[in-house]
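Okay, so here's the structure we're looking at.
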Amino acid sequence: MAKGISGSTAKPAARRRLADRGGGEGDDGLRTLPAPGEIFALSDAVRAEAVPASRLLSHARMAETNGGGALEKVPGFDAMRARNAGLFPLVRTRLAPQVDAEGFVTENVIGDVDNLVAIPDTTALPWRCIAMLTITYADGAKATGTAWFMGPKALGTAGHNIHHQRHGSATEILVSPAFDGVAAPFGTYRVAQTYCDPAWLGGNNDPTLDFGVLVLNEDGVGQRLGWFGFAVYTDRQLDRLLLNVSGYPVDRTNRTQHYNGGRVEDVTGKFLRYTFDTVGGMSGSPIFGLFGEQRIVVGIHTSGNDRANRARRIDRGLYATLARFASS
């Protein structure tokens with residue numbers, strides 16, 4: 001059974017400056033998760049490609065906006081559209097919540113064309129580090145979600161995959177890394193422990209609390225498959241940044257992993273908004289930048305409407321919460 005718990009106090013780490021309060025830290029609801037070890041830290045720094053030295057050198061400026069971010073190379077994906085959409089400011093509108101009959105926030109295709117493309121080989125990196133979730137809630141309702149490895153046995157996801165405001169807390173969550181529409185090539189694992197904000201567990205539907213962590217009993221899954229990094233970036237670093245998303249949409253007959261990408265359209269203190277398409281079932285997907293060989297998550301996809309899709313931005317508080325579990 002998956003249980004909602006609250007986190008324990010993080011150990012200090014020289015390479016990480018954590019906020020005094022994490023995104024949902026607290027003692028309420030602490031039940032089974034043991035105290036984690038050292039705080040997760042990226043082992044490899046993100047490096048730019050070397051430029052040969054010269055006494056007379058004027059650097060080119062041909063990087064994407066802000067000098068960072070790249071799209072994954074996925075057959076069939078229209079990279080030209082994704083690179084150029086949003087390159088210049090668009091008129092920004094406020095999101096109006098739109099809820100489907102099952103109580104889930106609707107995530108719509110933006111515009112007339114669905115730009116999601118299937119991943120041809122989910123066993124390749126980074127796709128094998130993304131998992132389909134098969135969720136059973138307290139009232140018997142079932143759902144599909146997405147999660148991403150952030151450590152040896154910890155995955156990040158959306159809070160409503162753990163506790164749904166209508167259907168209650170999940171009683172079982174099954175994790176299938178790299179599910180390809182037919183089989184789970186690396187096995188399926190039952191979640192042993194979960195975390196989401198105690199206020200979210202208590203029925204507070206504030207969307208800033210819609211994040212969570214899943215913990216497996218098996219230590220070696222993430223070690224074998226790999227995991228994403230995650231980071232806090234400034235508004236300026238995130239503005240117009242090229243980002244990627246991949247997850248498990250429920251409206252595909254062959255329920256394999258699907259990819260999309262494009263630019264951040266709007267940055268606020270708690271959210272990132274973008275107009276590249278997502279579909280229900282992709283909640284919990286990583287919103288990540290590609291910097292050389294490093295894939296760094298900057299948000300957790302949670303919701304959307306017919307004008308924009310949205311991720312819970314990784315700020316200092318949420319970073320502190322994720323870091324507590326990443327090395328567990």
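Every read-out reported here was derived from the displayed coordinates using simple, explicitly stated rules and does not represent laboratory data. Everything quoted here is computed from the prediction, not taken from an experiment. Here the Cβ is made from the backbone with ideal geometry for all residues, glycine too, and neighbour counts use every protein chain on show.
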* Asked: Can you list the residues, at least 5 places off or on another chain, whose amide H is less than 5 Å from the amide H of PHE271, using H built in the peptide plane?
  -> ARG313
* segment 210-328: relative contact order in percent, alpha carbon pairs under 8 Å with at least 6 residues between -> 26
* Asked: In debye, nearest 20: dipole of segment 122-227 around its Cα centre with unit charges on the Cβ of K, R (+) and D, E (-)?
  -> 220
* Separation of segment 114-175 and segment 212-259 by C-alpha centroid, Å? -> 10
* Which residues' amide hydrogens lie under 5 Å from the amide hydrogen of HIS164, considering only partners 5 or more residues apart or on another chain, with H built in the peptide plane? -> SER169, ALA170
* Structure fact -> One finds, for THR268 and ASP139 with R0 = 30 angstrom and r their Cβ-Cβ distance, a FRET efficiency to the nearest 0.05 of 0.35
